[in-house]
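Each remark here refers to the structure printed beneath this line.
The values are calculated or read from the model by the stated rules, or taken from the named source; none is laboratory data. Treat the numbers as computed from the prediction; the structure is a model and nothing was measured. Backbone-built Cβ (ideal geometry, glycine too); neighbour counts: all protein chains shown. Areas reflect the complete protein model, heavy atoms only, side chains present, ligands, DNA and RNA absent. Shrake-Rupley method; radii C 1.70, N 1.55, O 1.52, S 1.80 Å.
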Amino acid sequence: MKDLIDIQELSTGEINDLIETAKDIIQQPENYATRCSGKKLATLFYEPSTRTRLSFEAAMYELGGHVLGFSEANSSSAAKGESVSDTAKTVACFADIIAMRHPKEGAPFVASRAVPIPVINAGDGGHHHPTQTLTDLLTIAREKGRLDNLVIGCCGDLKFGRTVHSLIAAMSRYPGVRFVLISPEELKIPEPVREEILHKQNIPYSELSSLESAIPELDILYMTRVQRERFFNEADYVRLKDSYILSPDKLRPAKSDLTILHPLPRVNEISTAIDSDPRAAYFRQVANGKFIRMALILKLLEV
Ligand code: NCD
């Protein structure tokens, strides 16, 4: 495997190996401190990011490697009209591996075809976000001790939220997983996710618009932000942005061992009063992102 563009390119065995490597890194970071010495990671971010870009960069530093790149399209030659392929070919002269985020679906795939070095999709439009999903899986494995037999609620913008698309694709392969998809009518999961993943594999799921009625049966609650930047008009965003706000009140009927996840950034979908609840795992999730990206860089660089 040269690149990671879509989570489906990884077998279940490979995902489990990455999770095991990440757990080993957490236990014994000193064993990994020089594995990537002399190697360079380029982060090409054409869209805003805090966690994804910085966790990639921290991951490479902790492996003893170096980092270069840009964090906005306007500071790169994209602003002059350069194609993604030409930028990637240029960067491949300087770096050993690329992590790319782009507003256009498929851009990291195009880059991966243009260069001989590994390209990691760090989020492409409303499409996929495989390294967030690896982060989510490591978090579920650590919080729950298993990836199977879980009722997973995904709540919010299931239409444009790329993290949910990749999460459903990945978790659908584990036995006994059931999804509860909670969204307003306008933000339901896209047809390809429903057809190609849920229906094709006979995965049990339900769709509803009420978070309150879903909460009692959930093992995992995956909250998401309404993806303002992907809306065609501001009025629709304004109408839908406050569809769900998780408050301590709403959490009252939840299981005592519920795990609350969010890829972040949060706007107002989770009240800050929930942050101190032991079930709130979203900042532990952020920390896990660095370790799983370390494991992925090691795998793709074959070191
Ligand atoms: C997500 C993304 O970029 O898709 N953030 C992230 O990478 N952690 C979620 C989001 O922006 O809402």
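Quick notes
- Average accessible surface area per residue within the stretch 62-156, 1.4 Å rolling probe, Å²: 38
- 3J(HN,Hα) from dihedral phi, the stretch 131-136, Karplus parametrisation 6.51/-1.76/1.60, rounded to Hz, x for glycine, proline: 6, 5, 5, 4, 4, 5
- Area of H165 that stays accessible when all protein chains are in place (1.4 Å probe, Å², to 10): 10
- Take every DSSP beta bridge whose two residues both sit in the chain; close to 5 percent of them are antiparallel.
- Straight-distance crosslink candidates among lysines, where the alpha carbon sits under 23 Å from K188 and sequence neighbours closer than 8 are dropped: K104, K159, K200, K241, K250
- Within a Gaussian network of the chain (alpha carbon springs, distance under 10 Å), most fluctuating of D148, D124, D236: D236
- With every protein chain in place, the chain: carbon and sulfur % of accessible area (1.4 Å): 50
- Reachable aspartates and glutamates from K39, criterion Cα separation under 20 angstrom, eight or more residues apart if same chain: D3, E30, E57, E62, D96, E302
- Excluding same-chain neighbours fewer than eight residues apart, the lysines reachable from K255 by a Cα-Cα span under 18 Å are K144.
- Approximate spin-label separation S77-K250, in nm, with each point projected 7 Å along Cα-to-Cβ: 4.7
- Highest-fluctuation residue, G126, G38, G153 considered, GNM on the chain with Cα pairs under 10 Å: G38
- Radius of gyration over Kirkwood radius for the chain, both on Cα atoms: the Rg/Rh ratio is 0.96.
- Take every pair of alpha-carbon atoms less than 8 Å apart whose residues are at least six positions apart; their mean separation over the length of the chain yields a relative contact order of 20 percent.
- Residue-averaged [θ]222 nm for the chain, counting only DSSP H segments that reach four residues, each worth -39500 (n - 2.57): -10000 deg cm²/dmol
- Packing, as the average of other Cβ atoms within 10 Å across residues, places the peptides 237-245, 60-68 in the order 60-68, 237-245, highest first.
- Using only alpha-carbon positions in the stretch 231-288, the gyration tensor eigenvalues give semi-axes of 24, 15, 8 Å once each is multiplied by 5 and square-rooted (largest first).
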